[in-house]
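The values are calculated or read from the model by the stated rules, or taken from the named source; none is laboratory data. Model, not experiment: these values are computed from the prediction. No Cβ is skipped: glycine too gets one built from the backbone with ideal geometry, and neighbour counts run over all protein chains shown. Just so you know, the surface numbers come from the protein's heavy atoms only, side chains and all, with ligands and any DNA or RNA stripped out. Shrake-Rupley method; radii C 1.70, N 1.55, O 1.52, S 1.80 Å.
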Amino acid sequence: MTETSPQPGPAAADPQVFDGGCDCGRIRYRLSSRPLFVHCCHCRWCQRESGGAFALNAMIEADRLQWLTEPPQRVLTPSASGKGQQIWRCPSCWIALSSHYAGAGESMHFVRVGTLDEPDRLPPDIHIFTASRQPWVQLSGEVPAVPEYYDRLDHWPADSLARREALRARLRAQAAPPPPPAPDPSQA
């Protein structure tokens, strides 16, 4: 069997844009910027859900992910936190393209790096939950690795921290109650 890869689309011309999609081609997407951070997660939940030794997820704001075709189907699954996870899958080939985790909510996508047309453009920034990694997975030491989760202030680049704070500010503004109506002078 010969493996075929999608031909790089318009994103290949812009180093800050990334295209991807599912196996059957029904779902295509674009990341309009570099992700905030790329996790290589070795937790047992990610191993089970991916069917592999780890999951490689590019964390990006929801408004920077564009579905170029129809949106994928949202599938609710259990998670280690007990709060569940939403996985976006192609309704034809069922490839997982992205997730929303309870902690970040729908404002953040965790895009499966392996679904990118050029996944080699986004290597991991950190290995997490390495305490449960498969013993035959050897880490080089060139990329930070932590036994569980990490403090983003210790690992994220300054521009990613600024983008995260801007997103949080937008979410706070959207959640703020509207100001009370001005008093009606005729009622005085």
Task: Charge dipole (debye, nearest 20) of the chain; +1 at Cβ of Lys and Arg, -1 at Cβ of Asp and Glu - done: 440
Task: Farthest positive-ward along the chain dipole, Cα basis, beta-carbon charges - from 36, 173, 116 - done: 173
- [ ] For the range 20-165, calculate the relative contact order in percent as a whole number, restricting contacts to Cα pairs under 8 Å that are 6 or more residues apart.
- [x] 27
Open item on the list: Leaving out ligands and nucleic acids, and using a 1.4 Å probe, what accessible area per residue does the range 35-175 come to in Å²?
Closed with: 53
Open item on the list: If the only charges are +1 at each Lys and Arg Cβ and -1 at each Asp and Glu Cβ, what is the size of the charge dipole of the range 108-188 around the Cα centre, to the nearest 20 debye?
Closed with: 260
Task: Charge dipole magnitude, Cβ of K and R +1, D and E -1 - the range 36-138, Cα centre, debye nearest 20 - done: 420
TODO: Choose one answer from 43, 93, 22: the residue with the largest mean-square fluctuation in a GNM of the chain with alpha-carbon springs under 10 Å.
DONE: 93
- [ ] Give the angle, between 0 and 90 degrees and rounded to the nearest 10, that separates the Cα long axis of helix 158-175 from the longest principal axis of the Cα atoms of the chain.
- [x] 40
Task: Candidate values (i) 21.4, 78; (ii) 19.4, 82; (iii) 16.9, 53, label of the one derived for Rg and Dmax of the Cα atoms in Å - done: (ii)
- [ ] Please name which of 95, 76, 157 has its Cα lying farthest along the dipole of the chain towards the positive end, using unit charges on Cβ (Lys, Arg +1; Asp, Glu -1) and the Cα centre as origin.
- [x] 76
Task: Separation of alpha-carbon centers, the range 98-171 and the range 28-92, rounded to whole Å - done: 11
Task: Cβ-derived FRET efficiency at R0 22 Å, residue 50 paired with residue 92, nearest 0.05 - done: 0.70
- [ ] Among DSSP beta bridges lying fully in the range 82-179, give the percent that are antiparallel, nearest 5.
- [x] 90
